[in-house]
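The values are calculated or read from the model by the stated rules, or taken from the named source; none is laboratory data. On a predicted model such as this, the values are computed, not experimentally measured, just so you know. Cβ coordinates were reconstructed from backbone atoms using ideal geometry, including for glycine residues, and neighbour counts include every protein chain displayed. Accessible surface is based on the protein model in full, side chains and every heavy atom, while ligands, DNA and RNA are left aside. Shrake-Rupley method; radii C 1.70, N 1.55, O 1.52, S 1.80 Å.
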Amino acid sequence: MPDSLFSTTDLQTGSYCIHKSWGFGKIREIDTTSGKVVIDFAQKSNHLMDIEYAEESLEILPPDHVLVLKYNKSEELRTLANNDPVALVERLVRSLETQASCEKIQEILCPEIVAETDWKKWWENTRNLLKKSGRFEIPNKKNAPIKVLERALLPQDKALQDLMNAKGPAEFIKALEGLKKYESLLRDNEAQAQTILGLIESVLSKTPKSQFATCIQLIFYRNYWAQLLGKSERELSPQPLDVLPSNISSWVQVFEKLSSHQQAALLREIKMRRPNEWEANTITLLCYGDQKLTENIAELYREEGQAEAFLNILNRLIQERRLNSESMLWVCKSRFPGTERLRKPDLILAILSIIEREQAMETKRSNRLYDALISDKGMLTDLLQKAEIEDVRDITRAVLLSTIFKDLDKRSFLASIIKLHPEVESMVSGQEQKSQNAQAQAPLIVSWESLARRKAELEELINKKIPDNSKEIAIARSYGDLRENHEFKAAKEMQRVLLRRKAELEEALSRAQGTDFRGVIADSVKIGTVVTLKNASDQKEITYTILGAWDSDPHQGIISYQSALGQALLNKKVGEWVTLQVEEGDPITAEVISIKPYVTE
């Protein structure tokens, strides 16, 4: 007769278990006489459970299970996390099996093995090591299980697997890029090449045609893999020009998303299939595209033996001030044969005009051209070293009058000009003194709304940003050696920016005079008037509202009286003519046809 009514098979005193509700635990005692098991769970110790229920509901864990190791040998796991994270993840995957998701791994390791604050960096590094090993299948979803493979995948198989697992066109295209380094291996395997082609065609068919750049990228990749399989492009549809938007102004956004090789291929197709529109298309793309696109257009003209025609187009656009800052930057830095002829002194005047136009439009592109103009002393030397003194005087005068420069940048730029041509020093010093005296005395007419915004900005600087920056400096200083302390250098640089901005705001606010623009007599263009012009070339009407120094909304026709446009219009009367440099295109000549007071709502 048995000693007890109950018997146990898997349950053993001292073994470890897991319960779906109570989690990880250790069996402390088994009382076969009473039929009870005593378990110490992480959140509840000394928990009683019927033996029969325990056998049904508990999963007994082997001694090498990661949860057991975490309980008994946490230091060993921490060492693995630091020195061999791949081995640690493998233990986790083999222990957790189908539950070994990224989310579950984080739940187990944090915070005892990996600190919560270190998790993101640790997991990114570990994920890269897992991918590099080729022995793991890592899903994109955080709640899907990671798998250990029986054998490591070959790099080309791994790249193909990434393609098959890609989610969405953008990720798919990135995976296609990753296949490039294995093309020689894949092109010899017809089955794999056919698989890749089928995947591309499937993604292309599901991509909305409104995603022009994505469709064109997929078409180029499809054509390439189809050619490897002996198919002709004539058999394939659609082709890049079939999905290119009809509005050429939208082309630039498409080109900017293509690789340099794809840009060049699309340009060749446009030139071949639309030869009569090629020069007009070139002009539009040069006026709105980036440096990479400009380079590809130049190379295509050179391939066709038409480099001189390309240089003539560039020269015309420079003279007409129609290039954008990216194309102008390419002109300044390119080694394309013949561009040195375009780098004449008056190129600086064109650069100033372009930057001013793009700053008014608040585009970020002008920053790169501005930075090159200020910091690239070699470019300035190249443009001015052999210049005639009269040209240098014209340029110096334009710089003195220009509103594009920050104060210190203007001084530095003028100093560089004086270094090359000392003859203009007296011109600069006299004008600067005159300008400083006038600026120190001249009031700033501003709207009450813009005055409130500047005061709020100054208050935030004084009460929040500068104190916060001081704390960052103190924290960064505590990291040690200041010579290699990047955090300290960044914080100190930000301090200089904040203090400079504080000084600028305080100086400007000391001269600011708020107004609501009421009571203005509109007998001529003044601050607080609305002026309507008629363009002489097309008879279209243009309306500008001239407001305070800090008021600007070009899309609504609101301009500051200190802007180039505002200065050109001030004091003009009905019937007078004025020449204006507008946001884009050639300068316009227009007649003032009406002036009326600005009425606040």
Could we say that L176 is more than 25 Å from the chain's Cα centre (by Cα) and either closer than 28 Å to L92 by Cα or not aromatic (F, W, Y) (or both) here? no
Flagged in the range 69-103 as touching a residue at least 12 places away in the same chain (Cβ under 8 Å) and among the charged types (D, E, K, R), in numbering order, are K70, R78, E90, R91, R94, E97, E103
Under 7 Å between Cβ atoms, which residue pairs at least 6 apart in sequence (or on different chains) link something in the range 245-274 that is more than 16 Å from F220 (Cβ to Cβ) and modelled with pLDDT of 90 or more with a partner that is open to solvent by 30 Å² or more (accessible area, probe 1.4 Å) and outside any helix (DSSP H, G or I)? none
For the condition open to solvent by 70 Å² or more (accessible area, probe 1.4 Å), over 37 Å from the mean Cα position of the chain (by Cα) and on the phi > 0 side of the Ramachandran plot, what is the one hit in G575, G519? G519
Just wondering, is there one or more residues in the range 522-537 that are without any contact (Cβ under 8 Å) to a residue 40 or more places away in the chain and out of contact with any Lys or Arg (no Cβ under 7 Å at 6 or more places or on another chain)? no
Among residues of the range 251-269, those that are more than 12 Å from L293 (Cβ to Cβ), more than 25 Å from the chain's Cα centre (by Cα) and not basic (K, R), counted: 2
Here the residues within the range 89-143 that are touching a Ser or Thr at 6+ places or on another chain (Cβ under 7 Å) and more than 20 Å from E75 (Cα to Cα) are K142, N143
Scanning the range 45-81 for residues that are within 42 Å of the chain's Cα centre (by Cα) and either closer than 16 Å to K20 by Cα or among the aliphatic types (A, V, I, L, M) (or both) gives V66, L77, L80, A81
Residue that is nearest to S210 (Cα to Cα) [pool: residues in the range 250-273 that are touching a Leu at 6+ places or on another chain (Cβ under 8 Å) and open to solvent by 40 Å² or more (accessible area, probe 1.4 Å)]: E256
Among the candidates K158, K131, K104, K141, residue that is part of a loop (DSSP other than H, G, I, E, B) and of a type in the set (D, E, K, R): K141
Across (1) among the small types (G, A, S); (2) open to solvent by 70 Å² or more (accessible area, probe 1.4 Å); (3) within 30 Å of E308 (Cα to Cα), S426 clears everything bar (3)
Test: I297 is among the hydrophobic types (A, V, I, L, M, F, W, C) and crowded, with 23+ Cβ neighbours inside 10 Å: yes
Identity of the residue in the range 82-102, modelled with pLDDT of 90 or more and acidic (D, E), that ends up farthest from the chain's Cα centre (by Cα): E90
Go through the range 107-122 and report how many residues are within 22 Å of K26 (Cα to Cα) and either open to solvent by less than 60 Å² (accessible area, probe 1.4 Å) or assigned to a loop (DSSP other than H, G, I, E, B) (or both). 6
Out of everything in the range 65-98 that is surrounded by fewer than 14 Cβ atoms within 10 Å (Cβ to Cβ) and polar (S, T, N, Q), what residue ends up being farthest from P139 (Cα to Cα)? N72
For the structure I just gave you, tell me whether Q513 is open to solvent by 70 Å² or more (accessible area, probe 1.4 Å) and part of a strand (DSSP E or B). yes
Could you tell me which residue of the range 161-170 is most open to solvent (accessible area, probe 1.4 Å), considering only residues that are in contact (Cβ under 8 Å) with a residue 24 or more places away in the chain and assigned to a helix (DSSP H, G or I)? M164
For the range 215-225, indicate whether the set of residues that are in a helix (DSSP H, G or I), without any contact (Cβ under 8 Å) to a residue 40 or more places away in the chain and farther than 24 Å from E183 by Cβ is non-empty. no
Of all the strands (runs of 3 or more DSSP E) wholly in the range 524-601, which have at least 2 residues that are closer than 25 Å to S447 by Cα? 529-535, 541-547, 558-560, 588-597
Can you go through R316, R343 and tell me which one is without any contact (Cβ under 8 Å) to a residue 60 or more places away in the chain, in contact with a Cys (Cβ under 8 Å, 6 or more places away or on another chain), basic (K, R) and farther than 21 Å from P245 by Cβ? R343
Going by the conditions given, is D551 surrounded by fewer than 16 Cβ atoms within 10 Å (Cβ to Cβ) and in contact with a helix residue (DSSP H, G or I) (Cβ under 7 Å, 6 or more places away or on another chain)? no
Test A280 against the stated conditions and say whether it is aliphatic (A, V, I, L, M), assigned to a helix (DSSP H, G or I) and open to solvent by less than 50 Å² (accessible area, probe 1.4 Å). no
For the range 187-207, does any single residue satisfy the condition of being in a loop (DSSP other than H, G, I, E, B) and either over 27 Å from K132 (Cα atoms) or aliphatic (A, V, I, L, M) (or both)? yes
L314 - would you say it is touching a helix residue (DSSP H, G or I) at 6+ places or on another chain (Cβ under 7 Å) and open to solvent by 10 Å² or more (accessible area, probe 1.4 Å)? no
